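Take a look at the structure below.
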Amino acid sequence: YEEAVGPIDETAESKSPRDDDGHGTHTSTTAAGSVVNGASLFGFASGTARGMAAQARVATYKVCWLAGCFGSDILAGMDKAIEDGVNVMSMSIGGGLTDYYRDTVAIGAFTAMAQGIFVSCSAGNGGPYANSISNVAPWITTVGAGTLDRNFPTYVSLGNGKSFSGVSLYSRRPLSGSMVPIVDAANVSSTSSGNLCMTGSLIPAKVAGKIVVCDRGGNSRVEKGVEVKDAGGVGMILTNTDSYGEELVADAQLLPSANVGEKAGDAIKNYISSDPGPMATIISRGTQLGIQPSPVVAAFSSRGPNPITPEILKPDLIAPGVNILAGWTGAVGPTGLESDKRHVSFNIISGTSMSCPHVSGLAALLKAAHPEWSPSAIKSALMTTAYSTNGNGKTLLDISTGQPSTPFDFGAGHVDPVAALDPGLVYDATVQDYLDFLCALDYSSFQIKQATNRDFACLSSKTYSLGDVNYPSFSVPFETASGTWGGVGATSTVKYTRTLTNVGTPTTYMVSVSSQSTSVKILVEPESLSFSRQYEKKSYVVTFTASSMPSGTTSFARLQWSDGKHVVGSPIAFSWT
């Protein structure tokens with residue numbers, strides 16, 4: 001960093017692991033924070049806070065600075081963590097999409113995995129768009145984000161008698177119960193993108209004393225609140241656009257505010273445009289528990305398919321990542337803005353940066369319970385016991401659309417910590433398995449050396465297949481046949497091999513397959529696996545015979561092994577291109 005940017009300004013940030021930003025404190029306390037009674041942010045989410053592995057020890061490595069994160073510094077931090085003997089590496093850090101031999105995080109994570117270290121990474125906040133996933137190496141556990149059953153309701157009451165619910169973490173002096181004028185930012189701005197409430201865009205004479213409706217996007221949500229406040233506004237309603245749907249992410253704004261979904265936002269704007277004297281007020285209702293449906297997939301959570309290796313399904317799973325309460329630095333206020341002089345011990349923020357350390361801490365618990373398990377065994381236990389349906393048996397929803405989500409959104413599903421402790425069977429993988437994976441990608445010895453720091457040559461006499469990576473999920477890309485309507489009638493056949501390791505008692509497992517579509521026939525051989533001892537391994541082959549479908553078609557299925565007590569589940573994703 002210093003080689004590129006110059007010496008670190010120690011008046012602006014600490015040249016040490018001390019956290020000046022808040023992000024690192026929040027993620028590390030989520031993973032392993034000690035028990036703290038009476039934790040809250042301004043009274044919101046009040047209760048006892050604890051990390052996932054509250055008895056674990058944390059080592060932190062600062063690799064990011066005010067002007068960004070350099071690959072060499074990330075690798076140096078990972079190397080130091082490996083040298084220090086950590087068991088789990090939690091990386092709430094984004095990564096570009098590139099081949100594994102050029103991917104800094106993938107390179108460092110391979111060395112960690114080879115040393116028996118579990119590496120979890122955030123999936124990214126590029127959702128709800130397809131192919132937005134990052135940190136996709138198969139030796140990394142890639143974590144997307146879902147919601148909790150807790151919310152911070154705030155109500156917008158309009159002059160026409162209608163009321164809409166949103167969320168907010170504003171805690172200071174509320175608006176008086178009486179109505180005040182409300183305006184659409186698009187109509188009180190000096191710019192063509194005035195609806196976004198960008199810094200310096202609002203006209204104070206048209207905003208003063210009013211509630212301003214701003215659209216989400218373009219700049220941070222809290223920067224919009226500052227812009228409204230600086231222009232003389234007394235409140236802000238932040239409305240989702242179609243990209244975010246009905247996702248409600250709460251913020252500790254500096255003025256009375258409500259973040260509302262797209263439908264409520266459209267109704268509020270319609271009221272403003274149709275009423276000659278529109279009025280409104282904002283009323284906060286604190287903390288509400290028991291929100292349903294829950295969990296749902298966060299709109300911002302990055303999605304598959306995997307753009308680097310479509311045969312590896314990513315994300316691997318999801319965990320809580322919306323409106324998460326965890327520790328915070330004393331160096332900045334809860335918004336992170338320079339103008340925010342408030343000091344808090346805990347903060348509520350959202351992102352896959354928040355979901356990743358949940359899984360990291362759970363991996364530490366599994367490692368403590370099963371110290372002999374490899375990183376891939378821990379990943380398998382977390383994935384095969386995850387759930388993808390809610391209490392009434394329906395698939396978890398995608399909050400950006402309100403429709404059922406898919407394995408390209410949630411991977412294997414939402415993590416289930418208790419079930420993961422006793423998965424029955426695991427899909428284990430070794431360093432050799434991942435080297436074979438790189439051979440299946442046709443990597444040269446030089447590229448393998450770059451990716452793994454190992455001298456390894458693929459054997460010309462051996463056939464390598466991406467379908468043979470011993471992964472707990474299945475992703476099966478097909479080519480659309482040429483011809484009318486995507487070559488309908490043409491078929492193709494693909495075989496994937498998997499090996500299961502018994503980590504329970506001697507028993508027999510039976511397989512079952514369920515599928516959304518009749519366009520792919522799925523044959524599993526054998527249909528039963530009998531284990532006579534712990535750590536015994538048994539393999540099976542899955543044959544997928546697919547009819548050609550138009551390019552862009554996707555379909556999903558599920559394969560699971562059960563002995564009557566354990567269910568070892570795997571999602572299957574089909575795609576045609």
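The values are calculated or read from the model by the stated rules, or taken from the named source; none is laboratory data. As the structure is a computational prediction, the values presented were derived from the model and not from experiment. Positions of Cβ are generated from backbone atoms using ideal geometry, with glycine treated the same way; all protein chains shown enter the neighbour counts. Accessible surface areas use protein heavy atoms only, side chains included; no ligands, DNA or RNA. Shrake-Rupley method; radii C 1.70, N 1.55, O 1.52, S 1.80 Å.
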statement: Whole-percent carbon and sulfur contribution to the accessible surface of the chain (1.4 Å, no ligands, DNA or RNA) stands at 51 percent
field: Cys64-Lys15 pseudo-label distance in nm [points 7 Å out on the Cα-to-Cβ vector]
entry: 2.2 nm
The range 469-577: C-alpha gyration tensor shape, a/c 1.5 cut-off, then a/b vs b/c: prolate
Cβ-isolated cysteines (cut-off 4.7 Å), the chain: Cys121, Cys356
message: On a full-extension model of 0.36 nm per residue, what is the gain between Glu527 and Asn453, subtracting their alpha-carbon distance, rounded to one decimal in nm?
response: 22.7 nm
- prompt: Tell me, how many Å apart are the Cα centres for the range 508-552 and for the range 196-235?
  reply: 55 Å
statement: Matching label for the computed volume of the Cα convex hull per residue in Å³, out of [x] 314; [y] 190; [z] 176, is [z]
message: As an exercise, identify the trypsin sites (Lys or Arg not before Pro) in the range 55-136 lying in DSSP coil whose Cβ has no more than 13 other Cβ atoms within 10 Å.
response: Arg57
message: Which trypsin sites (Lys or Arg not before Pro) in the range 409-473 sit in a loop by DSSP (not H, G, I, E or B) and have at most 16 other Cβ atoms within 10 Å of their own Cβ?
response: Arg454, Lys462
Heavy-atom surface of the range 230-377, accessible at 1.4 Å and reported per residue (Å²): 31 Å²
- request: Would you list, by chain and number, the lysines whose Cα falls below 23 Å from the Cα of Lys537, excluding same-chain residues fewer than 8 positions away?
  value: Lys367, Lys379, Lys462, Lys495, Lys565
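Per residue, how much accessible surface does the range 29-136 expose to a 1.4 Å probe? Answer in Å², no decimals.
Numbers: 4790 Å² over 108 residues.
Roughly 44 Å² per residue, with all protein chains present.
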- prompt: Cross-link partners among lysines for Lys224, C-alpha distance below 27 Å, same-chain residues fewer than 8 apart left out?
  reply: Lys162, Lys206, Lys210, Lys263, Lys269, Lys341
- request: Round to a whole angstrom and tell me the spacing of the C-alpha centers of the range 5-70 and the range 561-575.
  value: 37 Å
- prompt: Between the range 290-317 and the range 365-430, what's the alpha-carbon centroid distance in Å?
  reply: 12 Å
- prompt: Do any trypsin sites (Lys or Arg not before Pro) in the range 538-569 lie in a loop, going by DSSP, with at most 11 other beta-carbon atoms within 10 Å of their beta carbon, and if so which?
  reply: Lys565
Charge dipole (debye, nearest 20) of the range 185-229; +1 at Cβ of Lys and Arg, -1 at Cβ of Asp and Glu: 120 debye
query: According to the square roots a ≥ b ≥ c of the eigenvalues of the Cα gyration tensor, what is the shape class of the range 153-284, taking rounded for a/c under 1.5, prolate for a/b larger than b/c otherwise, and oblate for the remainder?
result: rounded
statement: Quick shape check on the range 347-402: root eigenvalues a ≥ b ≥ c of the Cα gyration tensor, a/c under 1.5 is rounded, otherwise prolate if a/b tops b/c, else oblate, and it reads oblate
task: Using the charge dipole of the chain (Lys, Arg: +1 at Cβ; Asp, Glu: -1 at Cβ; taken about the Cα centre), state which of Phe544, Leu202, Tyr387 has its Cα farthest towards the positive end.
output: Tyr387
